[in-house]
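**Student:** Got a structure for you, written out below as structure tokens; questions coming shortly.
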Amino acid sequence: MTHRILVTNADRTIDCAEQSTILAAAVDAGIDFPYGCASGNCGLCMCKLVKGQVQLLPYGDGALGPAQERRGMTLACRAMPRSDLEVSWLANPDFD
Ligand code: FES
């Protein structure tokens, strides 16, 4: 199954398979999504999950803390879509 992801920073909507991550789909689509390790350890791909549900692959405690998760943050390199999504990476000046 494929879901649609609106990446607000890039003003692009992309397709993402359920077994793919947000980051992989964004990079494949040519979006310059910020990331570092791509393995759940650095936190550079952190983004606000504005809408939708994701399932997270395992990640390091230092990359995403419980308080950040409660505020709606997720890791693009670990998050696989379980619905259509809207995400915004932290470099967005409009980010709350
Ligand atoms: S790119 Fe390092 S945690 Fe996602």
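The values are calculated or read from the model by the stated rules, or taken from the named source; none is laboratory data. Bear in mind the structure is a predicted one, so any value in this text is a computation, not a measurement. Positions of Cβ are backbone-derived with ideal geometry, glycine not excepted, and every protein chain shown enters the neighbour counts. The area values use the complete protein model at the heavy-atom level, side chains included, leaving out ligands, DNA and RNA. Shrake-Rupley method; radii C 1.70, N 1.55, O 1.52, S 1.80 Å.
Residue by residue, here is whether (1) within 16 Å of the ligand (Cβ to nearest atom); (2) crowded, with 20+ Cβ neighbours inside 10 Å; (3) more than 18 Å from THR13 (Cα to Cα) holds:
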| position | (1), (2), (3) |
| --- | --- |
| PRO34 | yes, no, no |
| CYS37 | yes, no, yes |
| CYS47 | yes, yes, no |
| ALA63 | yes, yes, yes |
| ARG70 | no, no, yes |
| MET73 | yes, no, yes |
| MET80 | yes, no, no |
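**Student:** Within segment 16-32, restricting attention to residues that are buried (at least 16 other Cβ atoms within 10 Å of the Cβ) and free of Cβ contacts under 8 Å to residues at least 60 places away in the same chain, which residue is nearest to the ligand (Cβ to nearest atom)?
**Tutor:** So, considering only residues that are buried (at least 16 other Cβ atoms within 10 Å of the Cβ) and free of Cβ contacts under 8 Å to residues at least 60 places away in the same chain, the one nearest to the ligand (Cβ to nearest atom) is LEU23.
**Student:** To continue, here is another question. Where residues in segment 49-61 are more than 23 Å from THR13 (Cα to Cα) and open to solvent by 30 Å² or more (accessible area, probe 1.4 Å), which of them is nearest to the ligand (Cβ to nearest atom)? Can you show your working first?
**Tutor:** Just the residues of segment 49-61 that are more than 23 Å from THR13 (Cα to Cα), to begin with: 58-61.
Within this subset, residues satisfying the condition of being open to solvent by 30 Å² or more (accessible area, probe 1.4 Å) are 58-59, 61.
Working: PRO58: 11, TYR59: 6, ASP61: 11 Å.
Out of the qualifying residues, it is TYR59.
**Student:** Could we say that VAL87 is more than 13 Å from the ligand (Cβ to nearest atom) and either touching a Ser or Thr at 6+ places or on another chain (Cβ under 8 Å) or open to solvent by less than 20 Å² (accessible area, probe 1.4 Å) (or both) here? Can you show your working first?
**Tutor:** Details: more than 13 Å from the ligand (Cβ to nearest atom): no; either touching a Ser or Thr at 6+ places or on another chain (Cβ under 8 Å) or open to solvent by less than 20 Å² (accessible area, probe 1.4 Å) (or both): yes.
In short, no.
**Student:** Can you work out which of the residues in segment 1-10 that are open to solvent by 20 Å² or more (accessible area, probe 1.4 Å) and over 12 Å from SER88 (Cα atoms) is modelled with the lowest pLDDT? Before you say what the answer is, go through the steps one by one.
**Tutor:** In the first step, residues of segment 1-10 are kept if they are open to solvent by 20 Å² or more (accessible area, probe 1.4 Å); the result is 1-2, 4, 6, 8-10.
So of that shortlist, the ones also over 12 Å from SER88 (Cα atoms) come out as 1-2, 4.
Values: MET1: 94, THR2: 97, ARG4: 98.
Ranking the candidates gives MET1 first.
**Student:** If you don't mind, another one. Report whether or not THR13 is in contact with a Leu (Cβ under 6 Å, 6 or more places away or on another chain), open to solvent by 50 Å² or more (accessible area, probe 1.4 Å) and in a strand (DSSP E or B).
**Tutor:** Working: in contact with a Leu (Cβ under 6 Å, 6 or more places away or on another chain): yes; open to solvent by 50 Å² or more (accessible area, probe 1.4 Å): yes; in a strand (DSSP E or B): yes.
It is true that THR13 is in contact with a Leu (Cβ under 6 Å, 6 or more places away or on another chain), open to solvent by 50 Å² or more (accessible area, probe 1.4 Å) and in a strand (DSSP E or B).
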